[in-house]
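Okay, so here's the structure we're looking at.
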Amino acid sequence: MKTAHKSLYEDVQVQFNKAADLMKLNSGIRNILSETANEIVVHFPVKMDDGKIEMFTGYRVQHNNILGPYKGGLRYHPSVDLDDAKALATWMTWKTALAGLPYGGAKGGIHIDPAKYSQNELERITRRFTYALGNNIGPEYDIPAPDVNTGPQTMAWILDTYLTTRSQGERNNCLHVVTGKPLNCGGTLGRDRATGFGVVTNINEWAKSNKLDLTKATFIVQGFGNVGSWSAHFMKEKGSKLLAVEDVSGIIYSASGIDPDDLIEFAKKNGGKITGFPNTVAITHKEFLSTKADIFIPAALSNQITIETAPLLNVKLVAEGANGPTSPEADTILQQRDIGLIPDVLCNSGGVIGSYFEWLQNKRSEYWELDEVIEKVRKKVVEAYTNVSKTAASYKTDLRTAAYIVAISRLESAYKERGIFP
Ligand code: GLU
């Protein structure tokens, strides 16, 4: 899973310009949306378990907040840098606008390989990062959430640190400073599975309009973290068969199928690793990408489907669980090869939609039932999918460009109505 790439932010601009040209976007608004609003870089010291002090670099990029508070995840990964954070923040603006949420877009994280640190060190790193961000985050201003290598525990540490720095009277009003929290810290039922559920809801919509029978379909998944594992679980519920899985530990394949729920249990007991799962064989990265299946769900990092790897794919549909897995050049190759693609800003939007419902519950001091949350996520995802497919038909374009057009049109209207200060 090589990640080196020239610039993810350049890729975002290529995608944006294609949509902006097609929809004839107002040139002033085009200038605004081509830039990020704020780029925060913090360097902070943390004491390690052996007493030594290490410096870390963290980022939070806020792209746009015309529709509401900045919103988006924090990732802990060696690939995190300013360019990546800018790209990922911009995608969040499109994602929230497309889903019709009252949010803008942001993203951030720490340039770190979390596998090299103990739990205690990760806790101190997270708390010190939160402290360094200070008032750059806030429940009505910028609301982080989990992303690659961060989860409910990370959110609990951020919440606790943020609340500790508030006045006594303010603390209980600020639970919604982060989403994706553990249940007892103000998290919502369903947020854990929301992204994967949204991915499969999108696949289901695509399958209906493309006459693909999911009860007979096969699929492969790249990445078996939150998004990949829950997507596989919900695909199994539809009756589809998982043939191969790739993650950082290696790749497993079985022609007779891999049970996603058994694999989740197996990985839990094996330090998150999928390799060695019974009745599977190891295959190479190239063989994985060339696997004949109906659907490929990339649910790991960006820039996996490139000019080199796009020609290898042997599937009917790519459903982007990850953010930015496909480069613009690879998009063109997939279109030429007649491979369908559900773009990230639509395909993985179940996650931030779930976050929105957590945020609302916190604001109202409510707890909703699992079924209620999941049904609300489903409705929003289907609505977004329907808007995108209608727009794709009317502009005679691909689903990614159509998703951008729906999102950017909403932002354009808001700017036109509000005008520019002063
Ligand atoms: N990190 C997720 C994403 O890329 C979720 C963001 C959120 O819930 O704010 O969409």
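Bear in mind that the values in this text are calculations on the coordinates, not laboratory data. Source: prediction; values computed, not measured. All Cβ positions, glycine included, derive from the backbone under ideal geometry; neighbour counts span all protein chains shown.
Taken one residue at a time, the phi angles of segment 111-123 give Karplus couplings (6.51, -1.76, 1.60, θ = phi - 60°) of 6, 7, 9, x, 5, 8, 10, 7, 4, 5, 5, 4, 5 Hz. Gly and Pro are set to x. Fewest-first ordering of ARG124, ARG193 by other beta carbons within 10 Å of each residue's beta carbon gives ARG124, ARG193. Take the alpha carbon gyration tensor of segment 264-422, find the square roots of its eigenvalues, order them as a ≥ b ≥ c, and report rounded if a/c is under 1.5; if not, report prolate when a/b exceeds b/c, else oblate. The shape class here is oblate. Approximating the spin labels as points 7 Å out from Cα along Cα→Cβ, the MET48-to-LYS396 distance works out to 6.1 nm. Among the listed pairs LYS6/LYS380; LYS376/LYS416; LYS6/LYS47; LYS107/LYS379; LYS292/LYS379; LYS107/LYS241, those whose Cα-Cα separation exceeds 28 Å are LYS6/LYS380; LYS376/LYS416; LYS6/LYS47; LYS292/LYS379; LYS107/LYS241. Full extension of the chain between TYR367 and GLU237 yields a length gain of 44.2 nm, computed as 0.36 nm times the residue separation minus the alpha carbon distance.
Annotation: amide H of PHE219 within the under-5 Å range of LYS241, LEU242, LEU243, ASP294, ILE295, sequence separation 5 or more or interchain, hydrogens built in the peptide plane. Compared with the direct C-alpha span, the chain from GLU39 to VAL248 gains 72.3 nm at full extension, assuming 0.36 nm per residue. Under a Gaussian network description of the chain, with springs only between Cα atoms under 10 Å, the residue in ILE251, ILE53, ILE112 that fluctuates furthest is ILE53.
Among beta bridges from DSSP that stay inside the chain, the antiparallel ones total about 50%. When only the Cβ of Lys, Arg, Asp and Glu is charged (+1, +1, -1, -1), the dipole of the chain relative to its Cα centre reaches about 560 debye.
From helices alone, the chain scores -14500 deg cm²/dmol at 222 nm; the rule is -39500 (n - 2.57) for each run of n ≥ 4 DSSP H residues, then divide by the residue total.
3J(HN,Hα) along segment 316-332: 9, 9, 10, 10, 7, x, 7, 8, x, x, 10, 6, x, 5, 5, 3, 5 Hz, from the Karplus curve 6.51 cos²θ - 1.76 cosθ + 1.60 with θ = phi - 60°, whole Hz, x for Gly and Pro.
Taking 13 Å as the straight-line reach from the Cα of LYS24, the aspartates and glutamates in range (excluding those fewer than 8 positions away in the same chain) are GLU412. The peptide list 252-258, 340-346, put in order of mean Cβ contacts within 10 Å with the highest first, becomes 340-346, 252-258. 3J(HN,Hα) along segment 158-174: 5, 4, 4, 5, 4, 5, 4, 8, 9, 6, 3, x, 7, 4, 6, 8, 10 Hz, from the Karplus curve 6.51 cos²θ - 1.76 cosθ + 1.60 with θ = phi - 60°, whole Hz, x for Gly and Pro. The order of the peptides 126-133, 240-247, 23-30, 77-84 by mean Cβ neighbours within 10 Å, most packed first, is 240-247, 126-133, 77-84, 23-30. Close amide H contacts of GLY180 (hydrogens built in the peptide plane, cut-off under 5 Å, sequence separation of 5 or more or a different chain): THR188. Under a 5 Å amide H cut-off, with hydrogens placed 1.01 Å from N, ARG75 pairs with GLY108, GLY109, ILE110 among residues at least 5 apart or on other chains. Taken along the Cα-to-beta-carbon direction at a fixed 7 Å, the label points for LYS286 and SER118 span 4.4 nm.
Here LYS216 is the anchor, and the aspartates and glutamates within straight C-alpha reach of less than 18 Å, apart from those fewer than 8 places off in the same chain, are GLU205, GLU237, ASP259, ASP294.
Taking square-rooted eigenvalues a ≥ b ≥ c of the alpha carbon gyration tensor, is segment 1-55 rounded, prolate or oblate, where a/c under 1.5 means rounded and, failing that, a/b exceeding b/c means prolate?
oblate
Legend: calculated FRET efficiency, VAL382 to GLU10, from the Cβ-Cβ distance at R0 = 35 Å, rounded to 0.05, equals 0.60.
For a test of the definition: using alpha carbon positions, the gyration tensor, and the 1.5 limit on a/c, classify segment 336-422 as rounded, prolate or oblate. It is oblate, given that a/c is not under 1.5 and a/b is not larger than b/c.
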